[in-house]
Amino acid sequence: MGTEYGADQIQILEGLEAVRKRPGMYIGSTSVRGLHHLVYEIVDNAVDEALAGFCDMIDVTINEDNSITVLDDGRGIPVDIQKKAGKSALEVVFTILHAGGKFGGGGYKVSGGLHGVGASVVNALSEWLDVEVYLNGKIYHQRYARGKALKPVEITGECPPDQHGTKVSFLPDKEIFEETVFDYDTLKIRLRETAFLTKNLKIVLRDNREEKHERTFHYEGGIREFVTYLNKGKAPLYENVLYCEGKKDGVYVEVSMQHNDSYTENIYSFVNNINTPEGGTHLAGFKNALTKTFNDYARKNKLLKDNEANLAGEDIREGLTAIISVKIEDPQFEGQTKQKLGNSEARGAVDAIVSEQLTYFLEQNPAVAKVICEKSILAQRARAAARKARDLTRRKTALDGMALPGKLADCSDKDPVNCEIYIVEGDSAGGSAKDARNKANQAILPLRGKILNVEKARLDKIYANAEIKAMITAFGTGIHDDFDITKLRYHKIIIMTDADVDGAHISTLLLTFIYRFMPELIKQGYVYLAQPPLYKLEKNKRIWYAYSEEELDQILKEVGRDNNNKIQRYKGLGEMDAEQLWETTMDPERRILLRVTMDEDTMSELDLTFTTLMGDQVEPRREFIEANAKYGTLDI
Ligand code: 28F
């Protein structure tokens, strides 16, 4: 390496050494999630260039060797020599760890929208990184290995004089990451979300590995189209997507929303394109404006009478899909995970802009206003009924001393860490499971009949449902305000259904209930899906089980395809005797369990997964179940 890299270079290298020593501090983790963060960091820099108004195309490619290439048509990172550092600005961007980096102590992103921040982190964690800048008719190039520049910036060729932009390629370091294979779908979901949040930006994603893919995301309507997309497969209550936009006190605000006929609230908030799952001042401002504006409208137009109570915020948000997106110079994040916006000016800005523009919209569109008010009033009544029902169950459980459901075959061990509960559909399968289980630590809860779809029922009906009550009492945690994860009675909640389309549907109904009412159980990894086999193959008194068509083919190849093969296709769990059920699906030594996970970086897709499965349109649901049945995973 050249000797022109002197004293100050050493200091810089120490900076990036810190990133390699504690990568989690800068990208959250070194798991597959951290791996994908590398791409988001580089793409975010290009998005910043788009937000500044200089870039309208970003091209992301997964290369054959699992390296990544990101190209933009922005101004190109400056290459002139910076006096203070004595080297090219380009090199500074890639080799100096910028103060106030994007991740705080907790390992979470705390600030977006800082031009070029993050590039040095990606560089430090890459085996190699190549950057090309197209500027003034020339191609500038520099290459790095594990964060160290191999040479100063060089001109390696010419480009058309009107071409401009930046291209970054990198290979994540196998010494750092537990996993170095990129997942196309993960990038697809995130890049689609980025495109929704940045109207007019075109993002292309290509996969050049064995299984080729290509997608273009380009939304002229921005977050308006995001709401339409999220409501796909649901029935909107009216045609318009309401949209508010404005700037106040240095906060640029965009809000879009539309109600559907479901009972759940689907609101996503973003700050500088970063998801804020815990909300904050921008979300609070939105909710306040919504509640106030609708109550004012309903009173003024006599939809609410003088002697009737105000609509609660949750009544108005029933079935609401909304996006709140703010852009702010200096975002302050609060809370344990630093995901909650704290800037007080964001509250006022969102409140003022939404109040004013929503009031105007309601006056101009009385038919839409009426539909929303009527739905809210129904929600208000159901909420009162639900409160009564809940008070009743509370009183009862207090008297009974938390009576466990009669159908539950509990285990004898009382330490939750050792305990598992199998949720089984149907009494006959429940019976086999009871005979098969290890009574010491495996409990069985058989559920009868159709499981209630909580996306399609109001709270009063949900609380009155016997199967749901049985699950809540068996788990021991309570729900909503009373939820307490330390009271969880089993550290594995295992959903066991038939390996067919109906079984997949029942699993999804159960997962939807858990996700809506006890999301912590999924977040903390307590929820699993059992994997019963699809086929049994008997030959010369030996038995094989296959969990997929492919596996059956594989086994047949090994044992030979002839007339001695006895193949049985299991149509349901009930067809297996207790011993078979134990050895294929319940024995901890031999079974396969799928842990249900959710990716917090791509929050909005999570709901869509459920929506696709639960919505009225049959087609997307069938596609989803078939796709997941084939691969044997349900990673929501
Ligand atoms: C493929 C990833 O990183 N694109 C970027 C720019 C443009 C400017 C910039 C970036 C300059 C000195 C910090 C150009 N002209 N794509 C990208 N495009 N960074 S990153 O500036 C960074 C500052 O230190 C840019 C005028 N101003 C800014």
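What the Cβ-Cβ distance of Gln336 and Val501 gives, at R0 = 56 Å and to the nearest 0.05, is a FRET efficiency of 0.85. Stretching the chain fully between Lys407 and Glu538 yields a gain of 43.6 nm (0.36 nm per residue, less the alpha carbon separation).
Among residues other than Ser344 with Cβ under 12 Å from its Cβ, the summed charge is -3 (Lys and Arg +1, Asp and Glu -1). Considering only Gly431, Pro446, Asn465, and ranking their Cα positions along the charge dipole of region 430-487 that arises from unit charges at the beta-carbon of Lys, Arg, Asp and Glu, the one farthest toward the positive end is Gly431.
Region 286-322 and region 349-367 have Cα centres spaced 13 Å apart. Counting neighbouring beta carbons within 10 Å and listing from fewest to most, the residues Val43, Val501, Val255 come out as Val501, Val43, Val255. Using the Karplus relation 6.51 cos²θ - 1.76 cosθ + 1.60 with θ = phi - 60°, the per-residue 3J(HN,Hα) values for region 339-353 come to 10, 10, 5, x, 4, 6, 5, 5, 4, x, 5, 5, 4, 5, 5 Hz, with x marking Gly and Pro. The spacing between region 246-279 and region 494-550, judged by their C-alpha centroids, is 35 Å. Distance between the modelled labels on Lys469 and Asn66, one decimal in nanometres: 5.2 nm (7 Å Cα→Cβ projection). As a rough footprinting exposure proxy, the listed residues His505, His36, His491 were ranked by other beta carbons within 10 Å of their own, and the order from fewest upward is His491, His505, His36. For the chain, relative contact order (Cα pairs under 8 Å, six or more residues apart, normalised by length) works out to 10 percent. Here is the list for region 239-313: GluC sites (Glu not before Pro) lying in DSSP coil, each with at most 10 other C-beta atoms within 10 angstrom of its C-beta, are Glu239.
Peptide packing for 55-68, 281-294 was compared via the average number of neighbouring C-beta atoms within 10 Å per residue; ordered from the highest value, the list is 281-294, 55-68.
Packing-based ranking of 467-475, 369-377, 411-419 yields 467-475, 369-377, 411-419, ordered from highest to lowest mean Cβ neighbour count within 10 Å.
Each Lys and Arg adds +1 at its Cβ and each Asp and Glu adds -1 at its Cβ; summed about the Cα centre, the chain shows a dipole of about 1920 debye. Near Lys340, the amide H atoms lying under 5 Å from its own belong to Glu334; only residues 5 or more places off or on other chains count, and H is placed 1.01 Å from N.
Summing charges over neighbours of Ser126, with a neighbour being any other residue whose Cβ is under 9 Å away from its Cβ, gives -1 when K and R count +1 and D and E count -1. Applying a DSSP loop filter and a limit of 14 other Cβ atoms within 10 Å to the GluC sites (Glu not before Pro) in region 120-186 leaves Glu175, Glu178. Compared with the direct C-alpha span, the chain from Ile592 to Asp130 gains 162.1 nm at full extension, assuming 0.36 nm per residue.
Computed from phi, the 3J(HN,Hα) profile of region 581-594 under the Karplus parametrisation 6.51, -1.76, 1.60 (θ = phi - 60°) reads 4, 4, 6, 9, 10, 10, 6, x, 6, 10, 6, 10, 10, 9 Hz, with x in place of Gly and Pro.
The alpha carbon gyration tensor of the chain gives principal lengths a ≥ b ≥ c with a/c of 1.5 or higher and a/b no greater than b/c, which makes the shape oblate. For the peptides 20-30, 217-227, the ranking by mean Cβ contacts within 10 Å, running from highest to lowest, is 217-227, 20-30. Computed from backbone phi with θ = phi - 60° and the Karplus coefficients 6.51, -1.76 and 1.60, the 3J(HN,Hα) list for region 36-42 is 5, 4, 4, 5, 4, 4, 5 Hz; x is used for glycine and proline. Note on His213/Arg299: beta-carbon distance plugged into 1/(1 + (r/R0)^6) with R0 of 51 Å gives a FRET efficiency of 0.45. Distance between the C-alpha centres of region 205-222 and region 175-198: 12 Å, rounded to the whole angstrom. Beta bridges from DSSP with both residues in the chain: antiparallel share about 75 percent, rounded to the nearest 5. Over the residues of the chain, the helix contribution to mean residue ellipticity at 222 nm works out to -12000 deg cm²/dmol, using -39500 (n - 2.57) for each DSSP H run of at least 4. Residues of region 267-296 with backbone nitrogen within less than 16 Å of a virtual label 7 Å along the Cα-to-Cβ line of Asp249, please, listed as ranges. Correct set: 280-289.
If R0 equals 41 Å, the separation of the Cβ atoms of Glu520 and Lys557 corresponds to a calculated FRET efficiency of about 0.40. Taking a straight Cα-Cα cut-off under 20 Å and skipping sequence neighbours fewer than 8 places away in the same chain, the lysines within cross-link reach of Lys138 are Lys87, Lys151, Lys167. Between Ala312 and Asp183, residue separation times 0.36 nm minus the direct Cα-Cα distance comes to 42.2 nm. Counting every other Cβ atom within 10 Å of each residue's Cβ, Met576, Met598 order from fewest to most as Met598, Met576.
Any read-out appearing in this document is the output of simple, stated calculations on the displayed coordinates, not a laboratory observation. Note that the structure is predicted; figures quoted are calculated from it, not measured. Reconstructed Cβ throughout: ideal geometry from the backbone, glycine too, with neighbour counts over all protein chains shown.
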